[in-house]
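Every read-out reported here was derived from the displayed coordinates using simple, explicitly stated rules and does not represent laboratory data. The shown structure was predicted, so the numbers you read here are calculated from the model rather than taken from an experiment. We place every Cβ from the backbone using ideal geometry, glycine too, and count neighbours over all the protein chains shown.
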Amino acid sequence: MFYPELIAGAFPMSCNLLVQCEPDRFTDGAARANQHSVAFALIHGKNDPVVDFSGGEYCYRALQDGEFPAIRFFSHETAGHMFGRLPVDQAVRWLETMTSHDVDGLIAVADEQMKIGEYRGAYAALTRALDFDTDEVQAWRLELMEALIEELAAPQASSLLETIEVSVSNEWVDDFWKFRRDFAFTSAARPVLEEYAKLRNEHEKPAQNLFFEARRESDTAVRTAKYREILEKYYASKWWPLVTEWVESDSSQ
């Protein structure tokens, strides 16, 4: 995060996100542009006994929230905290493709990502391919894939935009996070993201205050009440996914 110009890609393993590496701590436009050029393949075992799986999930969401285009989360059901059982080979192959200059390879990975519904990865691959010289067939394939992603994004964008504009509850927020994960870099998403940003500006500061009050609270019931207040009143804040998870966790105890 501090020296992105030195690397093309990274695969954080069994990770948590250091406070000083939170994407929203970086405001310089040039620094952010350099960061966004790095491809990230996060790897985590779901049954990790050393670093909780939620750490990797949070890192992945934070990079989404920070508008990183080339990110993918590789998980494993039973790898625990063991390097040899984590899907490192898959992550490295993905990183090699996402950082290559091979247009045909990038088209192939974009096509593969499309087939499995990983539209963010597909969009990142095709936009990287467009940075290089393409022949007529390559350009046609890239244009076709981009048009298809835009077509898939458009109806969801329209529905979300209408809902956010008249927002009176948090019922749309999970759908928004999923939509942004998949389609954040499409033209269809821009009005949705702009409308969300307006609400985010209103919700972020009070949500942050409540969040840190809750983290200092030893009483589970009081802590959970503060989390619920974030979910009910300040649902456009960046804390939504994490707080949702913790409320469910506290409620199950």
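Lys-Lys pairs in the chain that are eight or more residues apart or on separate chains and whose Cα atoms lie under 25 Å of each other come to 16.
Grab the beta carbon distance between F83 and F2, set R0 = 25 Å, and tell me the FRET efficiency rounded to 0.05. Please list the in-between numbers first.
On the way: r = 25 Å, r/R0 = 0.98.
Given R0 = 25 Å and the Cβ-Cβ separation, E is 0.55.
Taking every alpha-carbon pair under 8 Å whose residues sit at least 6 apart, segment 30-104 reaches a relative contact order of 39 percent. The distance between label points at R228 and T127 comes to 4.0 nm (points 7 Å beyond Cα on the Cα→Cβ vector). Across the chain, the relative contact order, built from alpha-carbon pairs under 8 Å that are at least six residues apart, equals 13 percent. Among (1) 62, 47, 34; (2) 50, 45, 38; (3) 59, 43, 38, find the value of Cα extents along the principal axes in Å that was calculated from the structure presented, and write down its label. Checked against the structure: label (1).
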